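Enquirer: One structure is given below, represented as structure tokens, and several questions about it will come after.
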Amino acid sequence: MTFNPTVLLDAYISINSNVISDHGNKAEIPIKAEAKMATTFGQTWNVRRGGLKDGNLNFDFLNDYVAGNLDEIMWALVGTVVPFEVRAASGTVTTSNPKYTGNVFIDQWTPIIGKVGDLVTVSVGWPTSGTVTRGTS
């Protein structure tokens, strides 16, 4: 097997069918499963089983206020559950460029943050809602 590390240069980010990759500079999809204790009397080591799974979409964006762009799109989605798709590269979905899809709850948006002279950046962490799927076609 050949190891070929990926350099994240051209990630694809789509929220509610809006491709907003051109505003992003960090993408992260942590997925986890609850650890349920299954230890019984007589055992000397903890025994765990996987419980419910959960996920998050974490992004850093450079914000703008141009009509139809990031701030307007996200402002309208606060409080809603919408579909998402994220890939490491914007190219075709393949076994070497899988897509991660599902639904995400847009529970927050910070339209303005920064100090004098700074770029307006936004860091968000949105919880997924339901199954997150990994696809290769």
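The values are calculated or read from the model by the stated rules, or taken from the named source; none is laboratory data. None of these values were measured; they are calculated from a predicted model. Every residue, glycine as well, gets a Cβ built from its backbone with ideal geometry; the counts of neighbours run over all protein chains shown. Calculation scope for accessible area: heavy atoms of the full protein, side chains included, ligands and nucleic acids excluded. Shrake-Rupley method; radii C 1.70, N 1.55, O 1.52, S 1.80 Å.
Enquirer: Only residues that are β-branched (Val, Ile, Thr) and out of contact with any strand residue (DSSP E or B) (no Cβ under 9 Å at 6 or more places or on another chain): list them for the range 39-95, please.
Expert: Correct list: Thr40, Thr44, Val66, Val78, Thr92, Thr94, Thr95.
Enquirer: Just to check your reading of the model, which residue among Ser123, Ser96 is modelled with pLDDT under 95, within 30 Å of Asn4 (Cβ to Cβ) and of a type outside the set (D, E, K, R)?
Expert: Within the list Ser123, Ser96, the selection yields Ser96.
Enquirer: Sticking with this structure for a sec: Checking the conditions here, which among Trp126, Trp109 is within 16 Å of the chain's Cα centre (by Cα), aromatic (Phe, Trp, Tyr) and in a loop (DSSP other than H, G, I, E, B)?
Expert: Trp109
Enquirer: Which pairs turn up if I take residues in the range 14-43 that are assigned to a loop (DSSP other than H, G, I, E, B) and look for partners that are loosely packed, with under 12 Cβ neighbours inside 10 Å with beta carbon separation below 9 Å, at least 6 apart in sequence or on another chain?
Expert: From the range 14-43, the pairs are Ala38/Asn46; Ala38/Val47; Ala38/Arg49; Thr39/Trp45; Thr39/Asn46; Thr39/Val47; Thr40/Val47.
Enquirer: If a residue must be more than 15 Å from Asn16 (Cα to Cα) and either open to solvent by 70 Å² or more (accessible area, probe 1.4 Å) or touching a residue at least 60 places away in the same chain (Cβ under 8 Å) (or both), how many such residues does the range 100-131 contain?
Expert: 13
Enquirer: Taking into account only those residues within the range 81-93 that are open to solvent by 50 Å² or more (accessible area, probe 1.4 Å) and more than 14 Å from the chain's Cα centre (by Cα), which is nearest to Asn25 (Cα to Cα)?
Expert: By that ranking, first place goes to Ser90.
Enquirer: Among the residues of the range 42-76, write down those that are open to solvent by less than 80 Å² (accessible area, probe 1.4 Å) and under 21 Å from Pro30 (Cβ atoms).
Expert: Within the range 42-76, Gly50, Gly51, Asp54, Gly55, Asn56, Leu57, Asn58, Phe59, Asp60, Phe61, Met74 meet the criteria.
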